[in-house]
1. Within the stretch 541-641, report the GluC sites (Glu not before Pro) that DSSP leaves as loop and that have at most 12 other Cβ atoms within 10 Å.
2. Report Rg (one decimal) and Dmax (nearest whole number) for the stretch 357-403, counting Cα atoms only, units Å.
3. Stokes-Einstein at 37 °C, 0.692 mPa s, Kirkwood radius from Cα pairs: D for the stretch 504-641 in µm² s⁻¹?
4. Which is farthest toward the positive dipole end of the chain among Pro229, Ala607, Ala135, measuring Cα position about the Cα centre, with Cβ charges +1 (Lys, Arg) and -1 (Asp, Glu)?
5. Per residue and in Å³, how big is the convex hull formed by the alpha-carbon atoms of the stretch 317-399?
6. Expressed as a whole number of Å, what is the distance separating the alpha-carbon centroids of the stretch 464-512 and the stretch 379-434?
7. Report the normalised scattering of the stretch 136-257 as log10 I(q)/I(0) at q = 0.14, 0.20 Å⁻¹, calculated by the Debye formula with identical scatterers on the alpha carbons.
8. Using only Cα atoms, figure out Rg for the stretch 129-169 and give it as a multiple of 2.2 N^0.38 Å.
Amino acid sequence: MSSSPFQMHGTGPAAAGTIDDLLALRQDKDLIRLVFCGSVDDGKSSLLGRLLVETRSVFDDQIAESEKTFGRTGGGEQLIDWSFLLDGLESEREQRITVDVAYRRFESDRRIFIAADAPGHEKYVRNMASAASLADVAVILVDARKGILVQTRRHAYIASMMGCRHAILAVNKMDSVDFAQNVFESIGKRFIDLSKLLEFENTQAIPLSALTGENIIDATEAMPWYSGPALLELLERVQLDSRQSAAVFRLPVQYAGHPIPEFRGVCGTVASGRVERNMRIRVYPSGEQAEVARILDPSGEAFEAREGRSVTLEFAGDVDAGRGDLLACDETTPDVADQFAAHILWMDTSAMLPERNYILRFAAASANAQITDLVHIVDMESLKGLAAKKLEFNEVGYCKVALDRALPFDPYKVNRTTGAFLLIDRFTNATVGAGTILFALRRATNVFWQTMVVDKGARARLKGQHQRILWFTGLSGSGKSTIANLVEQKLHAEGIHTYVLDGDNLRHGLNRDLGFTDQDRVENVRRVAHVANLMVDAGLVVLVALISPFRSERQMARELAEDNEFIEVFVDTPMAVCEQRDTKGLYRRARDGELVNFTGLDSPYEAPIAPEIVLNGAEADPETLADQVIAYLHSALPRTA
């Protein structure tokens, strides 16, 4: 079973590594992967539990004990809700909310099934997406009494987005509506209409009852109007993705090393296709060609390795390959670009802000990334695109993404491993989003950096100075602009070439189109950071006086500069003192409700963690504080370039 990039941070199946063993034991049976999803209490666990019982995938003594403990009489026969087989502890069953994905194995005469019971609560859509990224078939449950809900549509969309090619709508609890044909047909028609907007190869609706067992294993007599197959028969009929047999070789390199002098190899899991001894491959992003000399797997030396196999490859000759590289067969090439379009499922309660820096993680590689454009979000009612400025929790957006370096990838339709990525918060290390790549953007391959002969070092030497950015941050009224102005005067008197980028001044021109929402503040800092970097390239000492409330954007500004070029100056002035100095009356207006998104009141300010300079704005006058900055520059930095 191939792994998925979405399985990071503890969201994957604990037993994923056992799939190869299952296949080795039962070569006569296909393996098919399922995800059971739906809203809370639609009966996912009950249905999967009954499948386990009916296919004899649990011990007989466990079934017998359960019949005594959980059995109840209904309609003249004993009825058991088998959900307890998956829902875990009694306390969890009482809450009726399952937070983790439960993976179970069962088999029929023809197939082995690995089934994921995904949590139905909206809070845990990320877990459902993780399970769907590995699945061939999505079994989407609805309660016959409730019909198609927003969560049903969301799960269907995400299952399609994550690569499930087949969808089965299981209309459960038909016994609660007296097995009414019109109820099922109405729900089924709505789902078929919905599926036409998605990318499933096949969809089918089936009426059933997980509690009574109707239409689970065999056709039911309770619904003579339904002539289709029972659920297990339908699962046995599903044709596995025909693209798997034609998949080209891809292997993301997880590790490279040479434990002994005469051996050097790279390690990873085959994401798709097959690799064999003496095969010609290429290493991306460099494009270097190589020949596979040996293949080592857990059982020893092998002639070939197929999808899902963990291997070590030794090349014939010296090959520059390391962690984060992608190995591909010689005749097919992945995209190598620093910009692409993608669908992103947002998983964090804090909204995604365009232009904010995140860590983007592929199967093995990672890079700094920005969502440069949120083209639209997907309305889960109509599945159409809606204009939006940010991506909220559980929303899916069509986005354009920019990386800080070119990396190899495939469109997700082509390869579910090399076309998927996670977005990680730079400070909390939390997984905040999952994405599927649609295509590389053309501007990523036809725009190149033009190298100039005269560089910033030459420009700075002509001025007899070192180029620097002094980034003053703090609350409104803390004294940033006043101190920066005084520092510039003192540097100017020393013959230093400087320029001040003041936040208020820039909003009269460069940033006049921006407001004060979080996303506008992110864009405000991004623009200023790039302008400051251009001025540093001109050999200047640039003083930036900007509230810049978020650590992420200040870190982005720092990373644009080279080592020792960026100096963060935190003007640490308490809010009470800032309000006393507020000659513009901004704090008063904000407290009166006339100004919204005011930093420190209804919009957060994230103080620096490790600034180079901290100025106590409440205990010293601006002149003294400016002298402290000058003293730091004289002690820490040489005068001339």
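Read-outs throughout are calculated quantities, based only on the coordinates presented, and are distinct from any laboratory measurement. Only a predicted model underlies this, so the values are computations on that prediction, with no experimental measurement involved. Neighbour counts run over all protein chains shown; Cβ positions are idealised from the backbone, glycine included.
1. Within the stretch 541-641, the qualifying GluC sites (Glu not before Pro) (loop, at most 12 other Cβ atoms within 10 Å) are Glu562, Glu594, Glu619.
2. According to the Cα coordinates of the stretch 357-403, Rg and Dmax are 12.3, 36 Å.
3. For these conditions, the coefficient is 197 µm²/s.
4. Ala607
5. Spelled out: Cα convex hull of the stretch 317-399, divided by residues, is 125 Å³.
6. 36 Å
7. -0.62, -1.10
8. 1.12
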